[in-house]
Amino acid sequence: MTELRMKKLRMIKLWMFGIAALSAVSAMSENLISNGRFEAAQTTVPELWTISKDVVYNRSAGPGGQASLAFVTGKGASSVRQLGMVLVKGEKYKLSGYYQSKNFKVSSIKVVIHNTGWFEDAGIEKFPPNAAWTPFEKTFTAFDSKDKKYGVAIYAKNVQGKIQFADIKLEALTKKGINGSSSVLAAIKIDHLTPMQPRLNYIPKEKPELTFRCLAKLPKAYTEYAAVCSNPVQKNNLNKDGVVTLNLKGLSLGDHQLAVSVIERATGKKVLKSNYLITIIKTPKIDRANHKMLNSLVTEILNQPVREKLQFSNPRDGWVFISVPTKSTVKLDGKELYLPAGRPEAVALLNAGPHNLHIAGAKAGKVVVRSIPEIFNYPGLTNPRVTGNGSYGWDFMKKHVNYALTTLNGGVRNPDKKIIDEIKKLGFIWLANMVIRDCSLEKANATPGLSKPQYSGVSSDEFGFIDLDSLNRYSKMLRQVRNINNRLIYTYIVGNPSMWLQSDFMSTAINTSRGKGKLLYEAYCHPQANEKAAQAFLDNFLVDAMKKYNKFYPNADQNTAFILGNFNQIPVISLDYDPAVDFKYYLDMQLNTIVNHPEFKNLGAVGYWGSYYADEEIYRWSFRLMRHYAIEGKKNMLSTEYGFKYNPDLLKNGDFATGLTNWDKTGTITTGSLPDYGKTSQKRWRAPNNMGDTFAKFTRSNAQANKLSQTAVNLTKGKLYCLQFAVADYQDIKNKKVNPRLLGLNVKLPGVEIIKDKSFVYVDNHKDKRVKDFGRINLHRIVFRATTVKQPMIFSDKQAAQNQELILNYVKLAPYFE
């Protein structure tokens, strides 16, 4: 071996040792930059960041499909900033992240940490003109700041080309820095030990241990403190992260009051006091010999020819699906199951362990039992806001929803008693919904979900991980709420946890209802330009969320629901904001990602929020997907059976974002744009980059009517299609004039068979409390059967008034789910 090579190896070893040493220290440090991954769950810019001009947000353009912020061509200064971090002067920190550049030039650029007033900074001030996604990092010593507060800034001046950034981190590299630093989210007080693992009422007799984490700010290092328990008597030291495990050996099966205090080891002074109701349980024996995992959500636990007596072993506390031959009567653990007419199957909520089936009446056929997730529908029994879709009442649910359902959430409060009785016979549970952002104990105690007989509990709506103060107050309320019937309390939550302080909320929400509380994660997935980008986004958005939930509360997945968004109703609220995307296919991709990824193997629930904001096709399709994945346990894309594609490409440029490309015009037709038209008048929910603001404008004159046409291609003869488009009066939109009426811009589809009972024009006259004054649109929906592979579509303002200016966009054509 040459001396030069040996020298290189020694340098590599030293470098690796240094990295390992830094990693050992920084592993204890959280990212001091809040939301450094630029997540924007329900906003169009990342939460906790201030964004200036010429900065473009993209939810999936970063490495691995994560979000990014791009600086694009523009004059003057642009910036991305976050203020309010606390650092320790003289301690070492590491600033890191990723960048990508293309034909990039700039007169000045900085990615830095700065003090209050920006008198001094440290970071990186040079990037190459062209680079694929590349990591960067800078280690520095914190300088003085007059109030000990610091900010992070990405600053660029006179940009040409493009540079974008992702996954920005600031980590303390010393113990003093770790203990003395904090993010902008850290200003809350927790006055108790937080139970972490297992759930308080699920402590196994075989391993009677309970782990806590101290999230309170204490004057000394955590290692200077101990946890003291009187039953059973013990004193255990906290580790460097504030974690301590109590041994509960000797406690009998059943409930116990557990009092735990934190004391200073040197003086015995008590600094924290906690009291919890715990339960020691005997873990049931699970016979998994015949269990077959079908996908991440569904396990088949019985599949065999019918006979009078059968036994199966439920692998966890949770729901099962039972299918039996026709003409069967079934008793489950001695209680007769209700089998709806024409559908010899049922769902049941069972404890883990063995259960018995007694089947009579059937001589042949199979009995199938599967462990399934809880399946949500928010809200049931509630008609759509866009009336042309028809009724979403009990008859609709029986036909299109109930075959893939366990849980109704929200919806009409006082349905017919016959419906309430049938919901109970079906084994479904029904949760009321309460809006409780003010964390009022009085409001929580009065909710019908904890008292009225039709309900099994309540969902709390809603909280965000970035609002630590509200999370802290809500957690305190949950610990005091009067739930004498021990009903279920579930909590809607926005975003992902990023710091240990948020674990206290997670622990409290999960441990409520004797450990049966659930976190209802609002996993509202935003469409991307193409299928590849959409899959990258889902792999990052969904999978990363599950990893974070499990990181900040171990085994959170079993008490977590991924609530997907199926709301697609322009002009009320719509995730279906890109007319080039078939929303049905995208909904399919979301569940397909979940069921095929091992990260979700213990997920407690899936479901939808927004069914009354979905059109009738999407509502039906949503629960066909749930049947496919969450009941049948399939892994394949259901869309392939129907020929659906992410980008159907039947029509192009439906938003006129590239002018009149792909369109043929006759008459006075131009293109234009009005700020926030897509957001305000069409309610394209959190659409990126002003999508929906561009349009084609028809100006009616005394001459012949204006016409705009495009020929749809690649249709299949005999197949149903749905054409939608939005029409508005230009002056109404421009002047924010509320004047809902039928407008004279229509379409002709020569030769097609229009399905009249599925087609309508909706004149928007709904009230919006948040936005009072905005111009209203007409939503046209036409379902037709194709008679040819190419179909002319001719838009005309023949029925418009003279000199009237009408605008057209959101021209969307996709196959229709029959």
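The values are calculated or read from the model by the stated rules, or taken from the named source; none is laboratory data. What you are looking at is a predicted structure, and each value in this text was computed from that prediction instead of being measured. All Cβ positions, even for glycine, are placed from backbone atoms using ideal geometry, and neighbour counts span all protein chains on display. Side chains are part of the model used for accessible areas, which takes the heavy atoms of the whole protein and leaves out ligands, DNA and RNA. Shrake-Rupley method; radii C 1.70, N 1.55, O 1.52, S 1.80 Å.
In debye, nearest 20: dipole of the chain around its Cα centre with unit charges on the Cβ of K, R (+) and D, E (-)?
Dipole about the Cα centre, nearest 20: 880 debye.
Filter the DSSP H helices in the chain by two things, a Kyte-Doolittle mean of at least -0.5 and an axial alpha-carbon span of 30 angstrom or more, and list the hits by number.
In the chain, the long hydrophobic H runs are 3-26, 531-552.
Using a 1.4 Å probe on the protein chains only, how many percent of the accessible area of the range 323-461 belongs to carbon and sulfur?
Here it works out to 51 percent.
One-quarter of the Cα convex hull surface for the range 729-772, in nm²?
For the Cα atoms of the range 729-772, the hull's average projected area reads 4.6 nm².
Got the relative contact order for the range 19-169 handy, in percent, Cα pairs under 8 Å and 6 or more residues apart?
Rounded, it is 32 percent for the range 19-169.
Quick one: with all protein chains in place, what share of the accessible area of the range 502-562 is carbon or sulfur, to the nearest percent (1.4 Å probe)?
47 percent
Test of the criteria: in the range 201-257, which GluC sites (Glu not before Pro) are in a DSSP loop and have at most 12 other Cβ atoms within 10 angstrom of their Cβ?
The qualifying sites are Glu206.
Taking H as built 1.01 Å from N, whose amide H comes closer than 5 Å to the amide H of Gly607, not counting residues under 5 places away?
Those lying under 5 Å, H to H, from Gly607 are Phe376, Phe562, Leu564.
Per Stokes-Einstein, at 25 °C and 0.890 mPa s, what whole-number D in µm² s⁻¹ belongs to the chain, with the Kirkwood radius over Cα pairs as the hydrodynamic radius?
Rounded, D is 83 µm²/s.
Give the calculated FRET efficiency between Lys551 and Ala703 to the nearest 0.05, with a Förster radius of 60 Å applied to their Cβ-Cβ distance.
0.35
With a 1.4 Å probe and every protein chain left in place, tell me how much accessible area His400 has, in Å² to the nearest 10.
Surface open to solvent at His400 totals about 40 Å².
Could you tell me the relative contact order of the range 411-570? Use alpha-carbon pairs under 8 Å, at least six residues apart, and round to a whole percent.
Reported relative contact order: 18 percent.
Of the trypsin sites (Lys or Arg not before Pro) in the range 162-237, which ones lie in a loop per DSSP and count no more than 10 other C-beta atoms within 10 Å?
Lys189
What is the Cα coordinate range of the range 122-208 on the first, second and third principal axes, sorted by size from largest, in whole angstrom?
Between the extreme Cα coordinates on each principal axis of the range 122-208 lie 65, 37, 21 Å.
Highest first, please rank the peptides 145-154, 689-698 by the mean number of other Cβ atoms sitting within 10 Å of their residues.
689-698, 145-154
Of Lys207/Lys476; Lys285/Lys366; Lys105/Lys532; Lys169/Lys551; Lys425/Lys634, which sit over 20 Å apart, Cα to Cα?
The pairs that break the limit, which is 20 Å between Cα atoms, are Lys207/Lys476; Lys285/Lys366; Lys105/Lys532; Lys425/Lys634.
Rounded to a whole number, what % of the accessible area of the range 668-777 do carbon and sulfur atoms account for, probe 1.4 Å?
Summing carbon and sulfur atoms, their accessible area is 47 percent of the total for the range 668-777.
From Cα pairs below 8 angstrom and at least 6 apart in sequence, can you work out the relative contact order of the chain, rounded to a whole percent?
It rounds to 9 percent for the chain.
How do Arg686, Arg479, Arg59 stack up against each other in accessible area, from largest to smallest, with a 1.4 angstrom probe?
Putting Arg686, Arg479, Arg59 in descending order of accessible area: Arg479, Arg686, Arg59.
How would the range 560-715 be classified by its alpha-carbon gyration tensor: rounded, prolate or oblate, with rounded meaning a/c under 1.5 and the a/b versus b/c comparison settling the rest?
The shape class here is prolate.
How far apart, in nm, are the 7 Å Cα→Cβ label points at Ser252 and Asp539?
Distance between the two pseudo-spin positions: 5.5 nm.
Suppose all protein chains stay in the model; what accessible area per residue would a 1.4 Å probe give for the chain, in Å²?
Heavy-atom SASA per residue in the chain reads 43 Å².
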